[in-house]
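Q: Shown below is the structure under consideration.
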Amino acid sequence: MNFAALKKNLKKDVLHIPPVKVALLGDSSTQLFNHALRGYGINENLNLEIFEADYDQIDQQVMSGSSELYEFNPRFIIIFQSVEKLFAHFCEKNNQHRSQFAADHINSVEGFIDAINGNSRCNIIYLNFAELADNTFGHYANKIDFSFTYQLRKINFELMDLGRKHKNFFIADLSALQNAFGRAYAHSPQIFITTSMVHTIDFLPHVAKSCVDIIKAIQGKIKKCLILDLDNTTWGGIIGDDGMEGIQIGSLGIGEAFTQLQRWVKQLKERGIILAVCSKNTDEVAREPFEKHPDMILRIEDIAVFVANWENKADNIRNIQSVLNIGFDSMVFIDDNPAERKIVRDNLPEVTVPELPEDPAEYVGFLQSLNLFETASVTEEDGDRTKQYQEEAKRASIKKAYTNEADFLQSLSMTCVTREFEKMDIPRIAQLTQRSNQFNLRTIRYTEDDLKRVTASPDQFTLSFKLGDIFGDYGLVSAIIAEKKSDTLFIDTWIMSCRVLKRGLEQYVTNQLVEIASRHGIKKVTGEYIPTPKNGLVKDHYKNLGFVQENNVWVLDVNSFNQFQTHIKEQENGS
Amino acid sequence: MEVNEIISQVNTIFKDVLDNDEVVISADSTANDVDEWDSLTHIQLIVAIEKHFKIRFSSGEIQGFKNVGEMCAAIKNKLG
């Protein structure tokens, strides 16, 4: 990834990609950062329409409600305050104010957040500060609170707290990035002195990637699943030849390299990434280490889908995809064998297939450096996801025993808890609106703050649905936002997790919608389908539910509606 | 390396960075003579030239070059 290549991207025709408006505000010269952002965005299939404020105009643009910034009406605001300027400000303070420096800076950033939230609805990406060792006090700077080192680190720390407090405030970790590349790589004093540009041309693409990673995650472009090859990827050696005692994991040979990888993969699993195995092996032989090897960190219960056979890996990944029901573009496949990687890349170009280094010692650091698993939200339910997919596999096996769909659904004894959006569910619902691409009629993304506003509005109705059956709880799987407009109830948002397709939940939800409408004397329920490259699944959604198309809107007449029969029962006193 | 050879190599870098195969420079060329040569592309040219010849310009040099000739003389100096 180099700057010249990103700059060439700027000449590409991206008119077919809907633009995403981004404002870039900096206290240094940001023109080339702007080019890198746009160019890297095009790499990632994003058409960033960038408003670049004039040099060092952050305050004016953010604090004045009539500024060009708010007129531009961005979806994202990137704020880049440089450590060089920060240090200059620090030097202007006298000693007794220096111990207050971080607090003052954090206050001013919070002032930006409040002003932005008062004037617009957008996400803020703030670059934290690269470390700068001024060595006024040497290492002693760590022992006193009026040193720049102390105040700089305090700012970076407290920025994280601002991020925890304000849901639309995201940190791009420039400090970590400079740590990885080194200050000499990131910053050139000659270029800074002559142009006021803080970063080198070589470093800018990486800074751009950090920001674009965050934008992509907020837009729902995230990885959900990691597929692992086994021999020489998950452990050293070949299980079929070396046997369980001979594979390298733990203290044997270079086993520590694989232990490190497994430790990291386990972290991913615990935070909600689904793990799958795709290996050329005999099934029982491949499973044995997961069940019996004492040094294996990944255990069989960590793996949602385990595929070990002698078929083509591209076909096997297609199978994994159909079980999990997620997009190929949300899957990552790691394999030490270049030929296998090529087969998967050639057949399934949407799957991310990292070019793993040859030396297993480098695996984990390399994969971490790619930052493949960026996310814009984390909820407690994420950790249960593997269990949910394992339950789904059980349902699939039961389903085979029934020839009649209705009998199968009846046998599941499904129960549902229907509620208006409750405070504790807001993070999960925001996440659903951000991540659901397939079963999403209008693909409107909501942040948690947006949803709080929706729940407070008297004309907007919200419904959330939690489904469970004899095999387990699906959790909150569907959400509705509907708006009363005179005598119609317009469905602003209808999303559902694809895990509960074909359970009759859509019909159940329709019954509830009509009930709300009739309770409020509303005559019509209306809905709209806005096509995206991903939501073809629900193209005929409203038609299938008996809505009638009038112009571009689907209409359901409340009075003539006959309740759908479903196999779902509302759970009384549900919690 | 002779100055003429340096100018020729610098010319190739200009074509590449400015993304224009038509660009022809001589010792007398200044930023006014080349359309795409502005303060933004200047810094990209400097970085590309530094990488190509494996040299470093000082900040004074970066700001002070009056024309391509001065730049190439500085390169020749550094190459020794």
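The values are calculated or read from the model by the stated rules, or taken from the named source; none is laboratory data. Only a predicted model underlies this, so the values are computations on that prediction, with no experimental measurement involved. When we count neighbours, we look across all protein chains shown, and the Cβ atoms used for this are built from the backbone with ideal geometry, even at glycine. Heads up: the accessible areas ignore ligands, DNA and RNA and are worked out on the full protein's heavy atoms, side chains in. Shrake-Rupley method; radii C 1.70, N 1.55, O 1.52, S 1.80 Å.
Q: Residues of the range A:318-342 being hydrophobic (A, V, I, L, M, F, W, C) and in a loop (DSSP other than H, G, I, E, B), which ones? Reasoning before the result, please.
A: Taking the range A:318-342 as the starting set, the residues that turn out to be hydrophobic (A, V, I, L, M, F, W, C) are A:320, A:323-324, A:326, A:328, A:331-334, A:339.
Residue satisfying the conditions is A:326 alone.
Q: From the set of residues in the range A:1-48 that are basic (Lys, Arg) and out of contact with any helix residue (DSSP H, G or I) (no Cβ under 7 Å at 6 or more places or on another chain), which is farthest from the other protein chains (Cβ to nearest Cβ)?
A: Among those that are basic (Lys, Arg) and out of contact with any helix residue (DSSP H, G or I) (no Cβ under 7 Å at 6 or more places or on another chain), it is A:38.
Q: Now a separate question. Which one of these does residue A:56 not meet: (1) surrounded by fewer than 18 Cβ atoms within 10 Å (Cβ to Cβ); (2) within 14 Å of chain B (Cβ to nearest Cβ); (3) not β-branched (Val, Ile, Thr)?
A: Evaluating residue A:56 over (1) surrounded by fewer than 18 Cβ atoms within 10 Å (Cβ to Cβ); (2) within 14 Å of chain B (Cβ to nearest Cβ); (3) not β-branched (Val, Ile, Thr) leaves (2) as the failure.
Q: Kindly list, by first and then second residue, each pair from a residue in the range B:18-29 that is closer than 19 Å to residue B:67 by Cα to a residue that is of a type in the set (Lys, Arg), limited to pairs with Cβ atoms under 7 Å and residues at least 6 apart or on different chains.
A: Pairs that qualify, where the first residue is closer than 19 Å to residue B:67 by Cα and the partner is of a type in the set (Lys, Arg), are B:23/B:15.
Q: Okay, next question. In the range A:242-259, is there at least one residue being touching a strand residue (DSSP E or B) at 6+ places or on another chain (Cβ under 9 Å), under 30 Å from residue A:50 (Cβ atoms) and more than 14 Å from chain B (Cβ to nearest Cβ)?
A: Checked against the condition, which is being touching a strand residue (DSSP E or B) at 6+ places or on another chain (Cβ under 9 Å), under 30 Å from residue A:50 (Cβ atoms) and more than 14 Å from chain B (Cβ to nearest Cβ), the range A:242-259 yields no hits at all.
Q: If a residue has to be assigned to a helix (DSSP H, G or I) and without any contact (Cβ under 8 Å) to a residue 60 or more places away in the chain to count, how many in the range A:431-470 make the cut? Walk me through how you get there before you give the answer.
A: Our first condition is that a residue be assigned to a helix (DSSP H, G or I); within the range A:431-470, this holds for A:431-435, A:448-456.
Among the residues that remain, those that are also without any contact (Cβ under 8 Å) to a residue 60 or more places away in the chain are: A:431, A:451-456.
Going through the range A:431-470 one residue at a time, the tally reaches 7.
Q: Quick check on the range B:46-60: of everything there that is farther than 18 Å from residue B:17 by Cβ and either open to solvent by less than 40 Å² (accessible area, probe 1.4 Å) or in a helix (DSSP H, G or I) (or both), which residue is nearest to the other protein chains (Cβ to nearest Cβ)?
A: That would be B:59.
Q: Return the residues of the range B:61-75 that are open to solvent by 80 Å² or more (accessible area, probe 1.4 Å) and in a helix (DSSP H, G or I); say none if nothing qualifies.
A: Quick first cut of the range B:61-75, residues open to solvent by 80 Å² or more (accessible area, probe 1.4 Å) only: B:63, B:66.
The one that is open to solvent by 80 Å² or more (accessible area, probe 1.4 Å) and in a helix (DSSP H, G or I): B:63.
Q: Among the residues of the range B:12-24, is any crowded, with 19+ Cβ neighbours inside 10 Å and away from chain A (no Cβ under 14 Å)?
A: yes
Q: Turning to a different aspect of this structure: Select the helices (runs of 4 or more DSSP H) contained entirely in the range A:162-216, then report the ones holding at least 3 residues which are open to solvent by less than 40 Å² (accessible area, probe 1.4 Å) and more than 11 Å from chain B (Cβ to nearest Cβ). If you could, list the steps in order and put the result at the bottom.
A: Values: elements: A:174-181, A:183-186, A:189-195.
Those helices (runs of 4 or more DSSP H) span A:174-181.
Q: Determine whether residue A:408 is assigned by TED's automatic domain parsing to the domain that holds residue A:534, modelled with pLDDT of 90 or more and buried (at least 17 other Cβ atoms within 10 Å of the Cβ). Steps first, please.
A: Numbers: assigned by TED's automatic domain parsing to the domain that holds residue A:534: yes; modelled with pLDDT of 90 or more: no; buried (at least 17 other Cβ atoms within 10 Å of the Cβ): yes.
No.
Q: Taking the conditions exactly as written (open to solvent by 50 Å² or more (accessible area, probe 1.4 Å), at pLDDT below 90, part of a loop (DSSP other than H, G, I, E, B) and under 29 Å from residue A:10 (Cα atoms)), does residue B:35 satisfy them or not?
A: Numbers: open to solvent by 50 Å² or more (accessible area, probe 1.4 Å): yes; at pLDDT below 90: yes; part of a loop (DSSP other than H, G, I, E, B): yes; under 29 Å from residue A:10 (Cα atoms): yes.
So residue B:35 passes the test.
Q: Would it be correct to say that residue A:22 is in contact with a Pro (Cβ under 8 Å, 6 or more places away or on another chain) and either surrounded by fewer than 22 Cβ atoms within 10 Å (Cβ to Cβ) or in contact (Cβ under 8 Å) with a residue 24 or more places away in the chain (or both)? Give the steps one after another, and end with the answer.
A: Numbers: in contact with a Pro (Cβ under 8 Å, 6 or more places away or on another chain): yes; either surrounded by fewer than 22 Cβ atoms within 10 Å (Cβ to Cβ) or in contact (Cβ under 8 Å) with a residue 24 or more places away in the chain (or both): yes.
Yes, satisfied.
To keep it simple, each residue is scored yes or no on (1) in contact (Cβ under 8 Å) with a residue 60 or more places away in the chain; (2) out of contact with any helix residue (DSSP H, G or I) (no Cβ under 8 Å at 6 or more places or on another chain); (3) more than 22 Å from residue A:31 (Cβ to Cβ).
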site: A:105; (1), (2), (3): no, no, yes
site: A:110; (1), (2), (3): no, no, yes
site: A:129; (1), (2), (3): no, no, no
site: A:132; (1), (2), (3): no, no, yes
site: A:160; (1), (2), (3): no, yes, yes
site: A:177; (1), (2), (3): no, no, no
site: A:184; (1), (2), (3): no, yes, yes
